[in-house]
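Before any comments, here is the structure.
The values are calculated or read from the model by the stated rules, or taken from the named source; none is laboratory data. Predicted model, so just to flag it, every value in this text is computed and none were measured. Backbone-built Cβ (ideal geometry, glycine too); neighbour counts: all protein chains shown.
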2 protein chains.
Amino acid sequence: MNVAIIGTGLIGGSIGLAARRRLGAHVRGTGRRAPRGVELGALDAACATPGEALAGADVAVVCAPVDVLPAVLEDVLAAAPEDCAVTDVGSTKGAVVAAAGADPRFVGGHPLAGAEVAGVEHAREDLFEGATWYLTPVATTGGTLLERVHRLVTGLGARPEIIDPDAHDRTMAAVSHLPHVLANVLAAQAAGALGGERMPAIGPSFRDATRVAGANPGIWTGIYRANREALIAELDRALAQLHDVRGLLETDDADGLAAWQERAAQDRRALLEASAAGGPARELGVAVPNRPGVIADLALTLAREGIGITDLSLTPSADGTRGHVALWVRADQAERAAALIAAQGFPVA
Amino acid sequence: MNVAIIGTGLIGGSIGLAARRRLGAHVRGTGRRAPRGVELGALDAACATPGEALAGADVAVVCAPVDVLPAVLEDVLAAAPEDCAVTDVGSTKGAVVAAAGADPRFVGGHPLAGAEVAGVEHAREDLFEGATWYLTPVATTGGTLLERVHRLVTGLGARPEIIDPDAHDRTMAAVSHLPHVLANVLAAQAAGALGGERMPAIGPSFRDATRVAGANPGIWTGIYRANREALIAELDRALAQLHDVRGLLETDDADGLAAWQERAAQDRRALLEASAAGGPARELGVAVPNRPGVIADLALTLAREGIGITDLSLTPSADGTRGHVALWVRADQAERAAALIAAQGFPVA
């Protein structure tokens, strides 16, 4: 299989590494760092132009930032062979699917993988291992070409999931882009309310809710813009909900507020249950003295029994002497985990 | 010093324990669990009525849920001696300050302390150690009585901070109540967008942003209602911000969106810097294989060198084989911590 990588960075480089080593593919790539990609074993050849990389390609993967993706895709479709499947890795799909028009060669793609570190230096053969990789074919997409991209994605170690482009963008707007917008809103209002005063130690809710506030402005401006339509729709839903809650507060509607809070609890439970990877997870709450080593004790105690912690958050008390640890373990190991922690003398909820 | 505790639960019991052991106070309490409070050493005597507990009291602390707090306070002020300072521990101050009218004996209070577990059984002498304890005197509050409450709070181990009741409620609305409202909004929209589909593993932003969604409906309905006015004001600010962002998206204003994202980044930095307890903290990002024991290795490595982890969050990759750990350490230990982690073979950002 001949693979063309248009844009050699973390994602493009990782696709190249995995395609070469796992599928024995011949991989040619473009981009400023393509020569480095060759040195690192991610590419067989660095090409000066997309046309050169695309000659004889079975699959082309466009790894450009979302803001330039539609334009780059048009160039690639113009240069790609008649029977070459073309896909991309952008985090929103509406604009790029529109740019492809009715071209049967294009299948939108979005791997849910990445790292804190960008650049081809950090490319890894196993970056996509077990990751969801959305594919967004439309009515005009060629069946053979979709099947080829599906096979490539599986071969890279990912789990392809076929989804309508609009449903994809709405999901991303709801679970990723809107949370970023609301984190910004919270950060601005807290900064306004405090006016430089010390933030009160009110527990984890505020810190958790604003962890992504102001995330990389260069990248996130592009993501917001690329998913404008879906994000505006989610903002309108959020505005409607906030107006409703405002009404409940205005009329001091105790039953209405309690019912709304209860629905949110149900929504969260449903999301947690639906999202647990590798079976349902359970949350355990543990009160601990907040001294160096206490997290280690806890984690080691579970590790010795083969219990993995799938998620963990530590919230220190105001003076830093105590903390509350929320940890998630597999549901079928939760009871044993709780017993082990209790035996260490830590109260578990 | 004679102290009356009106309502013997986690907070009232902890005040009793600390007042008796640290200040040698004589403590009488009311409430269904007051007899248990005596058994646990939190009270000298359990009283059937507030009047009995208040006889001869120097300070009365009203520990009632926020929704009944104004009514209970009025009864306490009616029964308390002429020279008895009366305070409370409610998480919002507007309604209770209004209920006290111009009574010079009342000083509103709000300790930022608590635990995952309620009830006098879980009362601890050190619950307030190092915690901020807001006091909200008004123009009519008697100076001697304020000083007495201030001294009590300091004696319990807390750090009293005097703040205007309205400023207190606005701060709580911005940093605690609004985050809960927005978490509910996000949970509802994600549940709507996914419709029972598996939640994509998109990283920590969504999970962090919704951790408090639907928190204890009984308690939170009371908190929303008690802080209605300030919360409505924060909702209006949030609505205005969301309308602004919607406008930037509608007109596809790249510069406006980038500037807004950048302001959020500045707000978050300012909040983190202002909020670091015990000196500034630094965040380290570590990429780890997500196997049992890896958190233990990391924490132990730091613990052996006397470096405490003040905050920690683990985000597993989609397949659970890798994870990203964000951990906070004291700024002056950050460089050494990073070097120790790097020496373990984990990439640190």
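Residues that are in contact (Cβ under 8 Å) with a residue 24 or more places away in the chain, out of contact with any Cys (no Cβ under 9 Å at 6 or more places or on another chain) and more than 7 Å from chain A (Cβ to nearest Cβ) are absent from segment B:236-254.
Do we have any residue at all in segment A:117-134 that's in a helix (DSSP H, G or I), of a type outside the set (D, E, K, R) and in the same structural domain as A:G9 (by TED's automatic domain parsing)? Quick ask: steps written out before the conclusion?
So in segment A:117-134, the residues in a helix (DSSP H, G or I) come out as A:120-122.
Next, only the ones that are of a type outside the set (D, E, K, R) stay: A:120, A:122.
Keeping just the survivors that are in the same structural domain as A:G9 (by TED's automatic domain parsing) gives A:120, A:122.
Yes.
Restricting attention to segment A:1-55, the residues that are surrounded by fewer than 19 Cβ atoms within 10 Å (Cβ to Cβ) and in contact (Cβ under 8 Å) with a residue 60 or more places away in the chain add up to 6. Taken over segment B:96-130, the residue count meeting the criterion of being crowded, with 21+ Cβ neighbours inside 10 Å and among the hydrophobic types (A, V, I, L, M, F, W, C) is 11. For segment A:235-244, the criterion of a residue being outside the structural domain of A:A326 (by TED's automatic domain parsing), among the acidic types (D, E) and not in a helix (DSSP H, G or I) is satisfied by no position.
Scan segment B:131-144 and give yes if some residue there is among the β-branched types (V, I, T), at the interface with chain A (Cβ under 9 Å from one of its Cβ atoms) and closer than 25 Å to B:I5 by Cβ, otherwise no.
Step one: of segment B:131-144, the residues among the β-branched types (V, I, T) are B:132, B:136, B:138, B:140-141, B:144.
Imposing the further condition that a residue be at the interface with chain A (Cβ under 9 Å from one of its Cβ atoms) reduces the set to B:132.
Applying the additional criterion that residues be closer than 25 Å to B:I5 by Cβ yields B:132.
Yes, that holds for at least one residue.
All of (1) more than 7 Å from chain A (Cβ to nearest Cβ); (2) in a helix (DSSP H, G or I) hold for B:P160 with one exception: (2).
Listed residues A:T141, A:T210, A:T132, A:T154; which is within 15 Å of the chain's Cα centre (by Cα) and of a type outside the set (G, A, S)? If you could, list the steps in order and put the result at the bottom.
Values: A:T141 fails: within 15 Å of the chain's Cα centre (by Cα); A:T210 fails: within 15 Å of the chain's Cα centre (by Cα); A:T154 fails: within 15 Å of the chain's Cα centre (by Cα).
Result of the check over A:T141, A:T210, A:T132, A:T154: A:T132.
In summary, A:D169 fulfils each of the numbered conditions (1) buried (at least 24 other Cβ atoms within 10 Å of the Cβ); (2) in contact with an Asp or Glu (Cβ under 7 Å, 6 or more places away or on another chain); (3) more than 7 Å from chain B (Cβ to nearest Cβ) with the single exception of condition (2).
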